[in-house]
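First the structure, in the form of structure tokens, and then the observations on it.
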Amino acid sequence: MVGFEVGAVPFNPDGWGPPDSSAATLSVPNHPSNVPFAPFSRSEKLGRIADWTRNISNQGRPGSKQGGHHPSDSAFDFSGDDSFATLAADEDSSFRLVDTSAKSHHHNPNRPKFNNRWRFNPHHNRSQLPQRRDEEVEARKREAEKERARRDRLYHLNRSQMPQRRESSVFKSSVDIQPEWNMLDQIPFSTFSKLSYSVVEPEDLLICGSLEFYDRSYDRITPKNCRPLERFKNRNFFKVTTTDDPVIRRLANEDKATVFATDAILSTLMCAPRSVYSWDIVVQRVGNKLFFDKRDGSQLDLLSVHETSQEPLPDVKDDINSMHSLSVEAAYINQNFSQQVLIRDGNKVTFEEPNPFANEGEEVAPVGYRYRRWKLDDDMYLVSRCEVQSVLDINNQRSFLTLNALNEFDPKYSGVDWRQKLETQRGAVLATELKNNANKLAKWTAQALLAGADMMKLGYVSRVHPRDHFNHVILAVVGYKPKDFATQINLNTSNMWGIVKSIVDLCMKLDEGKYVLVKDPSKPQVRIYDVPPDAFDNDYVEEPLPEEEQVQPPAEDADGGEADATTNDVEEKEIKDEAAA
């Protein structure tokens, strides 16, 4: 094994480094001679040990310190070089002191500057500084009270200037609850979200009425070439309840089903969790059959506006933007829109039977009534009257359409101006309507699915002026497939039928008689009341407002005509008044 000799290590008692006499007495093999020693301390930075890149061409010059040295020794000689100082200066210049103290973001150049002498002068502001601990606490309390009072003033000022939120609004019940009514049960909407039931494809038992073809030119309407909304006073619209339908009575006598309803009633039940306003449905248990009805003049005949919006509508009855006035206006718009977009050239599609509600010689709105039957259980079937408003030939195939219209009454309420956004940001307009009218759009989609429509047309109708609730224009018409639109608005078909199945099972357990399903006006729940058999008969009608006190669109001159009434009762009342005059 080869050994390693450390050699003699000289000791310098006078300080750091080798002793002065070591260069003469110490001889280390392979050690360059005349190597200078640069004194250093522990606080100094270490530099280079050797540098062979230096220029040594003039080392033999007379008078040079390296003239008698070997060229290899100059690599270690830094006695005449200031590289240590330069390196230290370069390294020190790269260091910067960072100020981590918080600085004000609002710098005012005109702010007066004060020196430290004035700042810490004990004679300044002596009266404002508390001298004891309890005085300091009291001062903080006073400042906190002042800040709290200031925030309260600003809060109440903002509330007085802004409209109140929807949570503070108080809605009326759609029907007056009588003291003799007995509440049997109340069902919160939270239980409806967990329900699910699948049904097979329905079968058509009968199709009545007639349909006109859809005018495709309305699909090319834009806000720049909008069309005014026409009025159709001569065409009658029917809102007939279930038990007054002669076809349903005939099907019930033939035992075609156990449960009977209309698409408007079923869609109200299916979309109940999205509803905010109060509604009511009359349930009649006759033998082993169940009939879902609506009252005359019910809210189901109208269309809600801004029902799910966060901003409440005015509560003043005479205001054109009140809840009831907008509902009447929306129903009036929806009826006229469904007739204007048709090709009125006399070419119609007639079905097996004529309109069951029209009298001979009476001009009625073209509507197709599809009486469809679903199987709910082994021995339970449901029959519903479903409506389609138009027909269209696509690829030599006949397709049914439903026609509905969204109405804009004031852009300040929705925050989106349709005339500016419909062409460039149609998705944003639809998203706003889905937020403000979620229940109405869901009910339209459910009715289209129940009727088996191949396409649902949505029209965007706006007022000519925000304060003119009688004249309107059609800004655009967009078509959607019902199934795709249901997926887009998160409307689950299985959940819809689960809600209907649960309510049917609950009502089938009741005794024979008459009952009312009432949506609570202030809570997300529905109540079931046991009512007398003569309730809602013989002018026994509970409504928040009598018919003559309800706000109707104002009458105009002979050129403009007057708005259509939304129900048959209102039309008959106007005819009687004219005849009496």
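Here S322 does not qualify as more than 30 Å from F213 (Cα to Cα), in contact with a Pro (Cβ under 7 Å, 6 or more places away or on another chain) and at pLDDT 90 or above.
Yes or no, residue by residue, for (1) modelled with pLDDT under 50; (2) more than 30 Å from F260 (Cβ to Cβ):
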| residue | (1), (2) |
| --- | --- |
| I503 | no, no |
| V518 | no, no |
| P544 | yes, no |
| D559 | yes, yes |
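The condition of being open to solvent by less than 30 Å² (accessible area, probe 1.4 Å) and under 19 Å from N437 (Cβ atoms) holds for Q335.
State all residues of the range 264-275 that are farther than 9 Å from K519 by Cβ and part of a loop (DSSP other than H, G, I, E, B); if no residue qualifies, say none. Once the filter is applied, which keeps residues that are farther than 9 Å from K519 by Cβ and part of a loop (DSSP other than H, G, I, E, B), the range 264-275 yields only C271. Within the range 284-319, the set of residues being in contact with a Ser or Thr (Cβ under 7 Å, 6 or more places away or on another chain), within 26 Å of V531 (Cα to Cα), modelled with pLDDT under 90 and acidic (D, E) comprises just one member, D301. Residue pairs whose Cβ atoms lie under 7 Å apart, sitting 6 or more positions apart in sequence or on different chains, and linking a residue in the range 201-214 that is over 16 Å from L392 (Cβ atoms) to a partner that is in a strand (DSSP E or B) and among the aliphatic types (A, V, I, L, M), are L205/V383.
For L303, state whether it is within 16 Å of N404 (Cβ to Cβ), assigned to a loop (DSSP other than H, G, I, E, B) and in contact with a strand residue (DSSP E or B) (Cβ under 9 Å, 6 or more places away or on another chain).
Details: within 16 Å of N404 (Cβ to Cβ): yes; assigned to a loop (DSSP other than H, G, I, E, B): yes; in contact with a strand residue (DSSP E or B) (Cβ under 9 Å, 6 or more places away or on another chain): yes.
Spelling it out, L303 is indeed within 16 Å of N404 (Cβ to Cβ), assigned to a loop (DSSP other than H, G, I, E, B) and in contact with a strand residue (DSSP E or B) (Cβ under 9 Å, 6 or more places away or on another chain).
Evaluating N253 against the criteria (1) in contact with a strand residue (DSSP E or B) (Cβ under 8 Å, 6 or more places away or on another chain); (2) closer than 14 Å to V286 by Cα leaves one unmet condition, (1).
Could you tell me whether the range 245-254 includes any residue that is open to solvent by less than 10 Å² (accessible area, probe 1.4 Å), in a loop (DSSP other than H, G, I, E, B) and within 14 Å of R385 (Cα to Cα)? Within the range 245-254, one or more residues are open to solvent by less than 10 Å² (accessible area, probe 1.4 Å), in a loop (DSSP other than H, G, I, E, B) and within 14 Å of R385 (Cα to Cα). Does L266 meet the test of being crowded, with 20+ Cβ neighbours inside 10 Å, within 21 Å of R527 (Cβ to Cβ) and touching a Lys or Arg at 6+ places or on another chain (Cβ under 6 Å)? So L266 does not fit the description; no. One residue alone among K514, K523 is surrounded by fewer than 19 Cβ atoms within 10 Å (Cβ to Cβ) and at pLDDT below 95, and that residue is K523.
The values are calculated or read from the model by the stated rules, or taken from the named source; none is laboratory data. Because the structure is predicted, anything quoted here is derived from the model rather than measured. Counting neighbours? That spans all protein chains shown, and the Cβs are built from the backbone with ideal geometry, glycine included. The accessibility values were calculated without ligands, DNA or RNA, using every heavy atom of the protein model including side chains. Shrake-Rupley method; radii C 1.70, N 1.55, O 1.52, S 1.80 Å.
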